[in-house]
Amino acid sequence: MRTSITNYLLFIFFIGLLASCQSAQPTFSKRGETYKSAREIAEEKRQARKQARMAARNGGKGKKVASKDRTSRTKVPNARRLDENVATVIHTARSYTGTPYRWGGTTRVGMDCSGLLCTSFQSINVTLPRTSEEQSRYGKPVKVKELKEGDLVFFGANKYSREITHVGMVTEVINDNEIKFIHASTSLGVIENNLISDYWQKIFIKAVRPFEE
């Protein structure tokens, strides 16, 4: 008798459990919505984030940073956008590698040091001042040990001069003893050199960061 009752109760429990499993619905969707799997929801969120990034990117195109104050800096919406701008400017500058030096030049026929930077920054719709001395006031001063890609570096005519006559842009920070910068050399044209070398350290005057963090 007990065995029959026990078997009957187990049968009722099994039927109830089976019914609950069959009627239970996934909770990935809200009530009234079409059922969506976790994979579908994740994909929708990924697409939404992608569209938001594209909208933000398109919204910033074609805008120029205009400022009457030469010490103003390039404003960028976030760190990712900053990296894109720096990479674009460096890529543009490097595309002129080998271009001969020409005083006042801003083309592939010939380029001077400040002209190289003006042309490179135009690739992100930013207009820099034309001379190296004016460019030295375009941004926040930074120390050599704090240099990053995209920073501008300035030099004098000799180790005794404090008058800025030359400018370049940091393209790669490798270590404390090797920081590459690109510039228009009067003898070799557009070229990259090591800022930490004895020659450049003797005539180095200052560095500024044109990109606002």
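Each reported figure results from applying straightforward, stated rules to the coordinates on display, with no laboratory input. None of the values given here were measured: they were computed from a predicted structure.
Just subtract the alpha-carbon distance of Arg108 and Asn193 from 0.36 nm times their residue separation and send over the number in nm, one decimal. Write out the running numbers ahead of the final one.
Details: separation 85, 0.36 × 85 = 30.60 nm, distance 1.99 nm.
In short, 28.6 nm is gained.
How fast does the range 165-213 diffuse by Stokes-Einstein, in µm²/s, taking the Kirkwood radius from C-alpha pairs at 25 °C and 0.890 mPa s? Please report the intermediate quantities before stating the final value.
On the way: Rh = 11.6 Å.
The Stokes-Einstein estimate is 211 µm²/s.
Structure shown: which of Lys143/Lys202; Lys143/Lys180; Lys50/Lys145; Lys148/Lys202 lie over 27 Å apart, alpha-carbon to alpha-carbon?
Long pairs (Cα-Cα over 27 Å): Lys50/Lys145.
Which residues' amide hydrogens lie under 5 Å from the amide hydrogen of Lys206, considering only partners 5 or more residues apart or on another chain, with H built in the peptide plane?
Residues meeting the amide H criterion: Phe154.
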